[in-house]
Amino acid sequence: MDTRNLERAVELFAALMSGEEINRSAGKNTALYDAYNTGSEVSELLDVMLKKLNLKLYEYNYGLFLTPGGHNRVFGFTNEELKRVMGLRLNRELYLCYFIIYNIILYFYRDSAAYTYAEYIRIPDAADSVSGNLSRIMDGLAVYARNELEENSFQMLALLWDELPAVTKEDTGEIRAGRGSKAGYVKLVFNFLIAQGMFAEAEERYYPTDRFHAIVRNYYEEERGRLYEIVKESLEKGGAEDAAD
């Protein structure tokens, strides 16, 4: 083992862990990006470190992006931590936020090879997507749900969402994040995604970052879950019915 390669792998690991940008044009870190891409031993040593800590490294648009692996209790979020971070109280509120995130993802990607080429998303776009997908799922719940638990979970989400007004009376200008309206919940989610480096906001438009694209593309290949299956199945069935009409 070349000691210099070990030092460079550790340096790269430390930069990633501290949230520094690692890409082809990142100034001082360009050399680290090049070392990962051109030095096989550097990448192999880094991959060993990441695997031991249940971390994932994704590459997109000549950049490297670090994210926790599934069920990573050290570097990821537990449900309780997420509720505190997002200002939520109940599990059903958190599950609604999960569902909103899935709909935001599906606004840009149906799968890893099907980018919709949307440049940005607005809060009303996301809210309409949630309403439409929940409606489709509830219409065919007996088909989509595998068991009573799944059925009850979606009924709970639909009830919570349907009881919310579109916006609050206070949202005369800028929409406020909160649990009092559909738009408020979507704003809560976008605030979280911005804090995680997944979106950038300008004039009430939310633009996906390279980090978003890197993680989502690989999510479809590695981590897709049951919620994704149900939402995608309902979208495909809805599209087929629209075509038939």
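The values are calculated or read from the model by the stated rules, or taken from the named source; none is laboratory data. These figures come from a predicted structure and were not determined experimentally. Neighbour counts run over all protein chains shown; Cβ positions are idealised from the backbone, glycine included. Note: accessible area is taken over every heavy atom of the protein model, side chains too, but ligands, DNA and RNA are not part of it. Shrake-Rupley method; radii C 1.70, N 1.55, O 1.52, S 1.80 Å.
Here residue 88 clears all of (1) of a type in the set (A, V, I, L, M, F, W, C); (2) within 19 Å of residue 198 (Cα to Cα); (3) not in a helix (DSSP H, G or I) except the condition numbered (2).
Looking only at region 59-77, decide whether some residue is out of contact with any helix residue (DSSP H, G or I) (no Cβ under 7 Å at 6 or more places or on another chain), free of Cβ contacts under 8 Å to residues at least 60 places away in the same chain and part of a strand (DSSP E or B). Yes, that holds for at least one residue. Selection over region 18-43 of residues that are in a helix (DSSP H, G or I) and surrounded by 12 or more Cβ atoms within 10 Å (Cβ to Cβ) gives a count of 12. Does region 93-101 include one or more residues that are at pLDDT 90 or above, open to solvent by less than 20 Å² (accessible area, probe 1.4 Å) and touching a Ser or Thr at 6+ places or on another chain (Cβ under 9 Å)? The answer is yes, given that some residue of region 93-101 is at pLDDT 90 or above, open to solvent by less than 20 Å² (accessible area, probe 1.4 Å) and touching a Ser or Thr at 6+ places or on another chain (Cβ under 9 Å). Where helices (runs of 4 or more DSSP H) fall wholly inside region 148-245, the ranges with 1 or more residues that are under 20 Å from the mean Cα position of the chain (by Cα), modelled with pLDDT of 90 or more and polar (S, T, N, Q) are 182-195.
Residue under question is residue 84, and the condition is that it be modelled with pLDDT of 90 or more, over 16 Å from the mean Cα position of the chain (by Cα) and open to solvent by 90 Å² or more (accessible area, probe 1.4 Å); does it hold?
On the way: modelled with pLDDT of 90 or more: yes; over 16 Å from the mean Cα position of the chain (by Cα): yes; open to solvent by 90 Å² or more (accessible area, probe 1.4 Å): yes.
Yes, satisfied.
A Cβ distance below 9 Å, combined with a sequence gap of six or more or placement on separate chains, defines the contacts here; from region 9-30, residues that are over 16 Å from residue 49 (Cα atoms) reach residues that are among the hydroxyl-bearing types (Ser, Thr, Tyr) and part of a loop (DSSP other than H, G, I, E, B) in the pairs 23/62; 24/62; 25/62. Residues that are open to solvent by 20 Å² or more (accessible area, probe 1.4 Å), over 28 Å from residue 186 (Cα atoms) and among the basic types (Lys, Arg): does region 58-79 have at least one? No - not one qualifying residue is present in region 58-79.
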